[in-house]
Amino acid sequence: MTEIDIRAATTADIPALHRLVESAYRGEASRAGWTTEADLLDGQRTDPEELADILADPKQALLTAWLGDGLVGCVLIADRGDSTGYLGMLSVSPTLQGSGLGRRLVAAAHRGLAERFGARQVRISVFPYREALVGWYQRLGYAPTGETLPFPYDDPRSGIPLRDDLHFIVLSRPLP
């Protein structure tokens, strides 16, 4: 892959971030990649207001990956206290999925969590139905914790469920 610039997002990036995240998770465009949630959820994955809230919160950040002037990836990092970080909203342009960009963003997120928040471990939450994605994270050193989290059925900002058994599993790994 050509030169990718990974940097912290700014509020000026919000429109591009919104388009990227939606294209990676929802709708027909997301089916070009392997991380789509289009069979589980309809509606939105996020909105500009949520992205602005993340950027305004000192306990969270979005890292972005740029190829020239184009935003091609992002990842959320957050401080959860007790030396624990959270990684989420990992998004790679569907046409670049499988190129190694996701691994690069996860590595940048791990560094950012350790440097910015002093995290010594990181947690993620994933739909268990996305077995290929769970396996991908396990190959990156994540292990299931045995915990589950409910899907927020009462929050339309999280999407419109296409099934009634949605929930998340929690995986974690130590940070160097």
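The values are calculated or read from the model by the stated rules, or taken from the named source; none is laboratory data. The structure presented is a predicted model; accordingly, all values stated were derived computationally and were not measured. Here the Cβ is made from the backbone with ideal geometry for all residues, glycine too, and neighbour counts use every protein chain on show. Just the protein is used for accessible areas: all its heavy atoms, side chains included, with ligands, DNA and RNA removed. Shrake-Rupley method; radii C 1.70, N 1.55, O 1.52, S 1.80 Å.
Explain nothing, just the number: relative contact order of the chain, from Cα pairs under 8 Å at least 6 residues apart, as a whole percent.
Relative contact order comes out at 23 percent.
For segment 81-160, the average shadow cast by the Cα convex hull is 6.6 nm², which is a quarter of the hull's surface. Computed extension length for residue 103-residue 57: 14.0 nm, one decimal, from 0.36 nm per residue of separation with the Cα-Cα distance subtracted.
Using alpha carbons only, the radius of gyration of segment 1-68 set against its Kirkwood radius gives Rg/Rh = 1.00.
Only protein heavy atoms count here; under a 1.4 Å probe, residue 5 has an accessible surface of about 80 Å². For the chain, the alpha-carbon coordinates run over 39, 37, 30 Å along the three principal axes, in decreasing order.
Between residue 80 and residue 157, the modelled labels are 1.9 nm apart [label points 7 Å from Cα along Cα→Cβ]. Residue ranges 153-162, 67-76 sort as 67-76, 153-162 when ordered by packing (mean number of other C-beta atoms within 10 Å per residue, highest first). Label sites at residue 34 and residue 3, each approximated as a point 7 angstrom past Cα along Cα to Cβ, lie 3.0 nm apart. Could you list, bin by bin from short to long, the percent of Cα-Cα pairs of segment 105-152 in 10 Å steps? In whole percents, the pair-distance histogram is 22, 48, 29, 1. Mean separation of Cα pairs under 8 Å and 6 or more residues apart, divided by the residue count, gives segment 64-163 a relative contact order of 22 percent. Taken along the Cα-to-beta-carbon direction at a fixed 7 Å, the label points for residue 129 and residue 170 span 2.2 nm.
Taking amide H as placed 1.01 Å from N in the peptide plane, residue 80 has its amide H under 5 Å from the amide H of 85, 86, each at least 5 places away in sequence or on another chain. Set against the 2.2 N^0.38 Å expectation for a compact globular protein, segment 46-127 has a Cα radius of gyration ratio of 1.08.
Each Cα pair under 8 Å and six or more residues apart adds its separation to the average, and for segment 80-121 the resulting relative contact order is 60 percent. Please get the size of the charge dipole for the chain, origin at its Cα centre, with Cβ charges of +1 on Lys and Arg and -1 on Asp and Glu, quoted in debye to the nearest 20. Here the size comes out at about 760 debye.
In order along segment 159-176, the phi-based Karplus estimate (6.51 cos²θ - 1.76 cosθ + 1.60, θ = phi - 60°) of 3J(HN,Hα) comes to x, 9, x, 9, 8, 9, 10, 5, 7, 10, 9, 9, 10, 8, 7, x, 9, x Hz; Gly and Pro are listed as x.
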